[in-house]
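The values are calculated or read from the model by the stated rules, or taken from the named source; none is laboratory data. Treat the numbers as computed from the prediction; the structure is a model and nothing was measured. Please note: Cβ atoms are built from the backbone with ideal geometry, for glycine as well, and neighbour counts cover all protein chains shown. To get the accessible areas, we keep the full protein, side chains included, count just its heavy atoms, and leave off ligands, DNA and RNA. Shrake-Rupley method; radii C 1.70, N 1.55, O 1.52, S 1.80 Å.
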Amino acid sequence: VSPMQSLSAGLHRALITWNPLRQLLVQPALAMRLSIYNPPAFAKALVDWNVFMSGVIQKRAGKPLSAEQKAIDEMVSRWGGLDGVDRSILVEGPLRTMTTSSLPGGVKQAAEALRTVDKGIATVGFDAGEKFNMFLHMATIRNEFKMAGKNVDDIRVQDEIFAKARAMTLSLNQAGMMPYNRTAASLFTKFLQIPHKALLQVTANRRLSNWD
């Protein structure tokens, strides 16, 4: 990673994650298009979010889950889509990945404190909003498949759901990064990949049909 790439990543992470209230609202808003894509499946996905979150609370309290809570929880765990939101290419940055062990004492403490603050801000803002966004996409597609008579407990069907969810959310992971954002040009092209990916989504993505 070049110094210019690190600078670009740091500046763009600060621009997005250091405004947590905005991102807490902006990230889930991206899923509102699902209300047009498949209204019944989206409405059920909103219910599924409450089922999932109540299950998370019950698990932490050591209480048993209902059959539906267990099914959703196991599928989310297998998917892993909520675990990787902090590694989105939108918010990658040197603070997240830097190694502090070789730094001098005072500098190390300051760097670790800054990283802790940065992570905390991201957790309550971007990460929380993006988890809701990702879940709604996955759950909407899950319900779409259920309505079509598919067995969503089947691992192969789940893999189809996960692939479609990644495609519909623009595959914003390291594997999905546009080549020009791996260069110094990323300082100026960081967000160009969003409309670029959106255009490819409707013209060249083989995981999605013309209707999708």
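When you scan the range 13-75 for helices (runs of 4 or more DSSP H) that lie fully inside it, which ones turn up with 3 or more residues that are of a type in the set (Phe, Trp, Tyr)? Outline the logic, then answer.
Values: elements: 20-29, 34-37, 39-60.
Qualifying helices (runs of 4 or more DSSP H): 39-60.
The requirement of being under 16 Å from Gly80 (Cβ atoms) and either small (Gly, Ala, Ser) or modelled with pLDDT under 95 (or both) is satisfied by Arg166.
When Leu7 is tested against (1) modelled with pLDDT of 80 or more; (2) open to solvent by 30 Å² or more (accessible area, probe 1.4 Å), only condition (1) is not met. When you check Thr123 against the structure, is it in a helix (DSSP H, G or I), among the hydroxyl-bearing types (Ser, Thr, Tyr) and at pLDDT 95 or above, yes or no? Judged against the criteria, Thr123 is not a match.
Only residues that are surrounded by fewer than 20 Cβ atoms within 10 Å (Cβ to Cβ) and among the hydrophobic types (A, V, I, L, M, F, W, C): list them for the range 139-150, please.
We begin by selecting, within the range 139-150, every residue surrounded by fewer than 20 Cβ atoms within 10 Å (Cβ to Cβ); these are 145-150.
Result: Phe145, Met147, Ala148.
Do we have any residue at all in the range 126-141 that's within 19 Å of Arg13 (Cα to Cα), over 12 Å from the mean Cα position of the chain (by Cα) and not hydroxyl-bearing (Ser, Thr, Tyr)? There is no residue in the range 126-141 that is within 19 Å of Arg13 (Cα to Cα), over 12 Å from the mean Cα position of the chain (by Cα) and not hydroxyl-bearing (Ser, Thr, Tyr). Sub-8 Å Cβ pairs linking a first residue in the range 120-140 that is within 18 Å of Leu21 (Cα to Cα) to a second residue that is aromatic (Phe, Trp, Tyr) and surrounded by fewer than 21 Cβ atoms within 10 Å (Cβ to Cβ), at least 6 apart or interchain, are Ile121/Trp18; Phe132/Trp49, ordered by first then second residue.
Would you mind finding the one in Asp159, Asp153 that is open to solvent by 20 Å² or more (accessible area, probe 1.4 Å) and not in a helix (DSSP H, G or I)? Quick ask: steps written out before the conclusion?
On the way: Asp159 fails: not in a helix (DSSP H, G or I).
Step by step, each of Asp159, Asp153 is checked, and only Asp153 is open to solvent by 20 Å² or more (accessible area, probe 1.4 Å) and not in a helix (DSSP H, G or I).
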